[in-house]
Amino acid sequence: MFINGEWKDAENHATRPVINPANGEVVTYAPEGTIADARSAIYAARNAFEDGVWSGLAAAERAAYLFKIADKIDEYAEELTELETMDNGKPLREAGFDVADAAACFRYYAGMITKPDGQTYHVADPMQAMVVREPVGVCGLIVPWNYPLLMSVWKIAPALAAGNTIVFKPSEVTPITPKKLFEIFEEVGLPKGVANMVTGAGPVVGHEIASHPEVDMVSFTGGTKTGKHIMKTAADTMKKVSLELGGKSPNIIFADADFETAVDYALFGIYAGAGQVCSAGSRILVEEKIYDQFVNRFVERARSIKVGPGYDPSTEMGPLVSKEHLDKVLSYIELGIQEGAKLACGGKRIDRNGFETGYFVEPTVFVDVSEEMRIVQEEIFGPVVVIQKFKDEAEAIKLANSTVYGLAGAVFSNDGSKALRVIKKLRAGITWINSYHPTYNEAPWGGYKQSGIGRSLGTFGLEEFQEIKQININLQVEPIGWFSN
Ligand code: NDP
């Protein structure tokens with residue numbers, strides 16, 4: 001753990017093994033932080049914030065640190081990529097994209113923070129009114145295991161750019177690349193106490209961050225259930241809350257779409273990251289006329305995906321992140337069968353020779369599903385997709401919006417007006433037309449409905465980490481004379 005500029009064990013020296021999901025082996029041990037450790041980090045961040053060692057710097061000086069961090073991420077790109085694959089299981093090519101995106105995200109916010117902000121207002125003489133943006137203060141940042149490095153950076157880069165100090169908690173399952181990131185912070189000489197990292201269990205360390213009165217804001221990415229708990233906990237101290245939660249995103253394929261393009265992106269939409277992606281296209285809705293043809297081609301291609309350890313360059317889909325998560329995904333597959341859905345392919349753990357100790361699952365497709373089934377409504381967060389049928393545009397929209405989630409969605413059609421018409425009816429924050437998954441530092445990321453509150457990335461992502469203050473200046477300094485004497 002990194003607290004007030006120093007590397008620390010847990011105060012009681014407890015540790016937790018970190019497992020390589022490709023083979024079940026222990027790769028290292030992470031400190032199992034306690035409430036006392038979380039408090040040390042919170043006080044360090046509070047002191048650093050009050051001292052102004054960070055918020056008191058000119059934006060250009062903070063930006064210079066962020067540019068240096070980006071350069072270091074590039075310098076260590078190969079090491080970070082390998083560590084990410086070892087810790088999370090994702091194929092090297094996916095991890096490589098994440099590392100490049102992480103560096104770009106630091107550069108993006110380094111550039112943004114030196115640009116003009118604030119507003120002035122023409123109010124009645126002799127007053128001048130204006131608005132300035134200020135850091136929120138101490139920000140608690142809690143991230144999951146599916147993009148251990150990138151999800152950390154999506155929060156840390158804008159939080160630091162805005163002048164906040166941070167208490168960061170990675171997932172207990174994947175603390176390795178976050179630790180390397182904090183080594184980089186040390187290397188570039190970030191002032192002590194500005195960035196603190198505590199590892200430990202969510203209900204212990206995470207809960208302390210969400211509840212402590214000296215934390216001004218909590219920004220969380222993870223499951224919707226945990227997000228609701230954090231929001232309730234944070235309410236007691238009226239913290240600013242930003243939540244990026246789960247999804248069950250629809251991918252709508254019309255008969256007039258470019259068929260092979262639609263199949264290709266639909267595969268990418270669900271099986272990239274082995275489906276452990278909040279925006280995964282986990283419900284494919286296909287127009288009746290091409291339904292059978294689509295299912296046949298999709299299943300044919302899903303069967304040929306090369307599943308294997310992430311460090312093998314020929315691997316196209318890696319293992320699930322942990323034994324616990326593997327069990328959860330397998331139990332959803334079992335549930336789908338019990339609910340009466342038809343398994344069109346996959347459905348099993350892969351435990352052939354060499355794979356027995358890893359957490360591999362076959363790319364899985366369910367058809368003949370109905371709207372109320374739990375496998376259609378709930379986030380499985382694995383390589384499991386349901387393919388539904390629709391008659392017309394109205395039914396496609398109805399089915400697409402029929403879950404509690406509203407994170408992402410896509411439409412495939414060669415009729416531009418229809419595609420845009422349908423996208424505008426989708427109750428979701430991130431959408432694509434004739435594409436799936438591309439994400440940009442410039443554009444806001446977040447959901448409608450139970451997929452969250454607030455946005456990451458873009459100008460919106462910076463604003464999450466800023467307070468807004470109005471300043472009214474009297475240009476004619478004399479008594480107002482409201483009361484007679
Ligand atoms: P969680 O949402 O529980 O974990 C995300 C982060 O929150 C982790 O750092 C975790 O710590 C922490 N946390 C857990 N409980 C608390 C708490 N009470 N207070 C504060 N922080 C807490 O994800 P899980 O790993 O349990 O996965 C459960 C499901 O959530 C998945 O199956 C998937 O459906 C969904 N999910 C969605 C993600 C997304 O990007 N939208 C990402 C990850 C999961 P710790 O690691 O120690 O538990």
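Normalise the Debye intensity by I(0) for the chain, one equal point scatterer per Cα, no solvent, then take log10 at q = 0.05, 0.08, 0.09 Å⁻¹ and round to two decimals. Calculated log10 I(q)/I(0) at the listed q: -0.21, -0.51, -0.63.
Pairs of lysine residues in the range 290-402 that meet both criteria, 8 or more places apart or on different chains and Cα atoms under 26 Å apart, total 13. Partners of Lys425 within straight-line reach, counting aspartates and glutamates whose Cα lies under 15 Å from its Cα and excluding those fewer than 8 residues away in the same chain: Asp392, Glu393, Glu395. Going by accessible surface with a 1.4 Å probe and the largest first, Thr459, Thr85 read Thr459, Thr85. Pop out the carbon and sulfur fraction of the accessible area of the range 436-485 as a percent, whole number, probe 1.4 Å. Here it works out to 57 percent.
In angstrom, the C-alpha Rg and Dmax of the range 1-151 are 20.2, 72.
Residues Phe366, Phe381, Phe460, sorted by accessible area with the largest first, give Phe460, Phe381, Phe366 [1.4 Å probe; ligands and nucleic acids excluded]. Taking θ as phi - 60° and the Karplus parameters 6.51, -1.76 and 1.60, the scalar couplings of the range 141-150 work out to 10, 10, 10, x, 9, 7, 10, x, 7, 5 Hz in sequence order, x denoting glycine and proline. Per-residue 3J(HN,Hα) values for the range 47-56, derived from phi via the Karplus relation 6.51 cos²θ - 1.76 cosθ + 1.60 with θ = phi - 60°, read 4, 5, 5, 5, 5, x, 5, 10, 5, x Hz in sequence order (x marks Gly and Pro).
So what's the gap between the Cα centers of the range 141-177 and the range 412-485, to the nearest angstrom? What the calculation gives is 21 Å, centre to centre. Ranked by the mean number of other Cβ atoms within 10 Å per residue, highest first, peptides 68-75, 54-61 order as 68-75, 54-61. With the convex hull constructed from alpha-carbon coordinates only, the range 272-323 shows a mean projected area of 4.7 nm² over all directions. Carbon-plus-sulfur accessible fraction, the range 346-421 (probe radius 1.4 Å, protein heavy atoms only): 48%. Measuring between alpha carbons in the structure, the pairs from Lys8/Lys239; Lys289/Lys418; Lys179/Lys240 lying more than 24 angstrom apart are Lys8/Lys239; Lys179/Lys240. What is the percent carbon and sulfur in the accessible area of the range 205-328, measuring with a 1.4 Å probe over the protein chains and ignoring ligands? Here carbon and sulfur together make up 52 percent of the probe-accessible area. Close amide H partners of Met127, meaning residues 5 or more places away or on another chain with modelled amide H under 5 Å apart, are Leu475. Counting only protein heavy atoms and a 1.4 Å probe, the chain has 42 square angstrom of accessible area per residue.
The values are calculated or read from the model by the stated rules, or taken from the named source; none is laboratory data. Since we're looking at a predicted model, the values are computed, not measured. Cβ: placed from backbone, ideal geometry, glycine included. Neighbour counts: every protein chain shown. The protein model used for the area step is the full one, side chains on, heavy atoms only, and it has no ligands, DNA or RNA in it. Shrake-Rupley method; radii C 1.70, N 1.55, O 1.52, S 1.80 Å.
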